[in-house]
Amino acid sequence: MSSPLNSDISAYAQAVNGLGSASDAEFPDATLRALSARDKVAHTLSQGAPSIALSDMTQLTDADRQLASSAAKIKATVKAETLTSWRNSINPNSSAWWWKLDEMAAANKADKILTIISVLILTVSVYLFVDTFNLLRSIGENPVGTAGTLIQAILAVIAASAFTEAGRKRLIDTFSFFGVKNRKFQGIGRAGLATVVLVLTLTIRMCVPAAAAYYFEWQGNKFLAEGLVQRAIPAYQQASALQPYSISIHLALAKAAEKANDYSKAIAEYKSTIVLYERSGERPNDAYYEAKNNLARLLTQHEKNYSATLRLLDKPEVMIERLSPGNRQLFTYFFSTYRGWAQLEANNFSQAEGELNTALQQREDGAAAHYLLGRIFEARKQTDKARDKYSRFLTILQSDAQQTEQVPAEWISYAQEKTLSDGAK
């Protein structure tokens, strides 16, 4: 003989099954019957009914699941306002979830939307991780890049774990350990977690390449200071790959390439430095004019492009005014010397002599200016004056190693040859 609870559960299951065959017009009545039947089951359970049989429990949970799955249709067909009026009249217990099917449907829809958003956000985070990993892998291993990509990977795993039950449990336990409780990481919580991960991943994507570039630039400076030019150049190139618009990196790479006698590379990097300065809109500084000065020297010496040198160092008085006071005298010397050199190679001896005399007014012991004046006097057949200038050039170099590095080696051998040969005569 069936018990009252068994009868109520069977009636409830029958009412829920009736939802599937009800037409739209019949659906509100069928819904109300199902909800009332579920109320009756709840009332019977609350009266201290004898222990429920397994078969009854199975039937009840199946009917509950079926009713819950009909929430969206109930909300759409019965309408939220009708369900609200029923709730107001019945005044059900707060635990009676079946009277809140419209709210469940809205929550389920929102949860689906939030899940889609979370997946999209997670996809972007994974893409940023892969992009950062590929970028840093392409320029070689470094501690900054390794740490950054490792953190990004951990963040992606944390966000992805919110999509599994076991993962959510681990997240709940972890956050609870740090005092953050009542977080289920579903719906808005999951989307929030994914958003936080995206922001952190994006921050890492933006910061890690810059930090790695700083590391490689520091490494290049260290190698260059130790005289390890061939190791400094790859370090600067790696930094430049990560920060292609960094003026300081291009300038450092140009200097290193010049020290390694890779003049075509040095010229290209000096040009890049100048272009980047001019595009940046910044007020030209000493580094900008240093790049122009060094480029002028290389264009004259290695490309024999004298007109380009003169264009590069046009209006030196304007450039001098923009230099820091402490460097104006030295840069005036270099600008005038290289302008004089270009004029000399173009056979404009008078202009060249004027520029070189200006240079010596700024630096009386300027070795390069003395050598170039010696060539002018030699071209004019003023042998004694030429020999004096070559001799002065060699004397200066004997006491100034830095200037020895600034002049071509062939100048030294030529000056020695002319001094000795003219002295023998």
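The values are calculated or read from the model by the stated rules, or taken from the named source; none is laboratory data. Please read these numbers as outputs of a predicted model, since none were measured by experiment. Don't worry about glycine lacking a Cβ; one is built from the backbone with ideal geometry, like all the others, and counts go over all protein chains shown.
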Original post:
Got a number for residues in the range 222-257 being under 21 Å from L295 (Cβ atoms) and over 16 Å from the mean Cα position of the chain (by Cα)?
Top reply: 17
Subject >> Wholly enclosed helices (runs of 4 or more DSSP H) of the range 1-89 bearing at least 1 residues touching a Phe, Trp or Tyr at 6+ places or on another chain (Cβ under 7 Å) and under 14 Å from W99 (Cα atoms) >> reply: 27-46, 54-69, 71-78
Subject >> Residues being assigned to a helix (DSSP H, G or I) and more than 24 Å from V407 (Cα to Cα) - total across the range 246-271 >> reply: 3
**OP:** Pull up the range 354-391, narrow it to residues that are touching an Asp or Glu at 6+ places or on another chain (Cβ under 9 Å) and surrounded by fewer than 21 Cβ atoms within 10 Å (Cβ to Cβ), then point me to the one that is nearest to K255 (Cα to Cα).
**Re:** D365
**OP:** Would you check if there is a residue in the range 277-284 being in a helix (DSSP H, G or I), among the hydroxyl-bearing types (S, T, Y), at pLDDT below 90 and surrounded by fewer than 17 Cβ atoms within 10 Å (Cβ to Cβ)?
**Re:** yes
**OP:** Pick out the one residue from A235, A252, A256 that is closer than 20 Å to V208 by Cβ, crowded, with 22+ Cβ neighbours inside 10 Å and out of contact with any strand residue (DSSP E or B) (no Cβ under 7 Å at 6 or more places or on another chain).
**Re:** A235
